[in-house]
Amino acid sequence: MSHPYFGHYPEQVQQQVESLLQQQRLGQFFIKRYPHSHDIKTDKQLYNYIERLRQEYMKNSPRVHQAAYVKRHNMALNALGTHTYKTTQHGGRHKTSHQIHIEATLRHAPEPILRALVVHELAHFKEKHHNKAFYNLCQHMEPHYHQLELELRLFLLLCESEGNIYLPD
Ligand SMILES: [Zn+2]
């Protein structure tokens, strides 16, 4: 039986995940790979972080209007980050403003894990669906996107099983 987060990964990956989970070695796996959490703690810092990435790779897209960490009850993968936008009229001109919300758990996480999620949400500015163009855009912003998305899933699993080891004590 495969875990729902990993259903579309190769059998070999699923088995590795399963054994890390059963031996309770996910925490060990993470701390070895990423000893520290990032320092992007406030909404303002998150906003600046996202805007820097956008300006570097998606210059022509409208700037982010707002970014915030939000606490959700259900940490489902598809709700970890949300991107919403509203279009308003200004003297006959349409103006779109983008907002990005990031699950508060990601406030205490390795930087590459946060980056994977931010890159994902930024790519949705241009591509609504998870199609080839979408993933190409993700990889343009982060060449290791696929590996990091897998690690983002592992991070979720870590939080659900052993707990978030990056929380300050
Ligand atoms: Zn998405």
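Please compare each pair in Lys71/Lys132; Lys95/Lys126; Lys44/Lys126; Lys44/Lys95 to a cut-off of 19 Å on the Cα-Cα distance and tell me which ones are over it. Can you show the working numbers first?
Working: Lys71/Lys132 31 Å; Lys95/Lys126 15 Å; Lys44/Lys126 24 Å; Lys44/Lys95 23 Å.
Cα-Cα > 19 Å for Lys71/Lys132; Lys44/Lys126; Lys44/Lys95; rest within.
Give, as a single signed number, the net charge of other residues whose beta carbon lies under 11 Å from the beta carbon of Asn136, with Lys and Arg counted +1 and Asp and Glu -1.
Values: positive: Lys126, Lys132; negative: Glu127.
Value of the local net charge: +1.
Compute the acute angle (0 to 90°) between the alpha-carbon long axis of helix 43-57 and the principal axis of greatest extent of the alpha-carbon atoms of the chain; round to the nearest 10°.
It is inclined by approximately 80 degrees.
Over segment 37-161, with every protein chain in place, what whole percent of the accessible area is carbon and sulfur at 1.4 Å, could you tell me?
So the carbon and sulfur contribution to the accessible surface is 50 percent.
With a 1.4 Å probe and all protein chains left in place, how much accessible area per residue does the chain have, in Å²? Could the numbers behind the result be given before it?
Details: 9820 Å² over 169 residues.
Ligands and nucleic acids excluded, the result is 58 Å² per residue.
What Kirkwood radius, in Å to one decimal, follows from the Cα pairs of the chain?
Working: mean 1/r = 0.0589 Å⁻¹.
Computed over Cα pairs of the chain, the Kirkwood hydrodynamic radius comes out at 17.0 Å.
Of all the C-alpha pairs in segment 8-102, what % are more than 22 Å from each other?
On the way: 2411 of 4465 pairs.
Distances greater than 22 Å cover 54 percent of the Cα pairs.
When ranked by the protection proxy of mean other Cβ atoms within 10 Å per residue, highest first, what sequence do the peptides 5-13, 102-110 form? Please report the intermediate quantities before stating the final value.
On the way: 5-13: 11.9, 102-110: 21.1.
Descending packing order for the listed peptides: 102-110, 5-13.
Quote the accessible area belonging to Val70 in square angstrom, nearest 10, computed with a 1.4 Å probe and with ligands, DNA and RNA left uncounted.
Looks like 40 Å² after rounding.
What's the ranking of 45-51, 19-25 by average number of surrounding C-beta atoms within 10 Å, highest first? Intermediate results must be reported in sequence, preceding the final value.
Details: 45-51: 17.9, 19-25: 12.4.
The packing order, highest mean first, is 45-51, 19-25.
How would Phe29, Phe134 rank on accessible area, largest to smallest, probe 1.4 Å?
Details: Phe29 60, Phe134 0 Å².
Correct descending sequence by accessible area is Phe29, Phe134.
May I ask you to evaluate 6.51 cos²θ - 1.76 cosθ + 1.60, the Karplus curve with θ = phi - 60°, for each residue of segment 115-128 and list the ³J(HN,Hα) values in order in whole Hz, giving x for glycine and proline?
So the Karplus estimates, Gly and Pro as x, are 4, 4, 5, 5, 4, 4, 5, 4, 4, 5, 4, 9, 10, 6 Hz.
Please work out the Cα convex hull volume for segment 104-169 and give it in Å³ per residue. Mind showing how you got there, number by number?
Numbers: hull volume 5.7 nm³, N = 66.
Considering the Cα atoms of segment 104-169, their hull volume per residue is 86 Å³.
The values are calculated or read from the model by the stated rules, or taken from the named source; none is laboratory data. Bear in mind that the values here come from a model prediction, so they are computed numbers and not experimental data. Methodologically, a virtual Cβ is constructed for each residue, glycine included, from the backbone with ideal geometry; neighbour enumeration extends over all protein chains shown. For accessibility, only protein heavy atoms count, side chains too; no ligands or nucleic acids. Shrake-Rupley method; radii C 1.70, N 1.55, O 1.52, S 1.80 Å.
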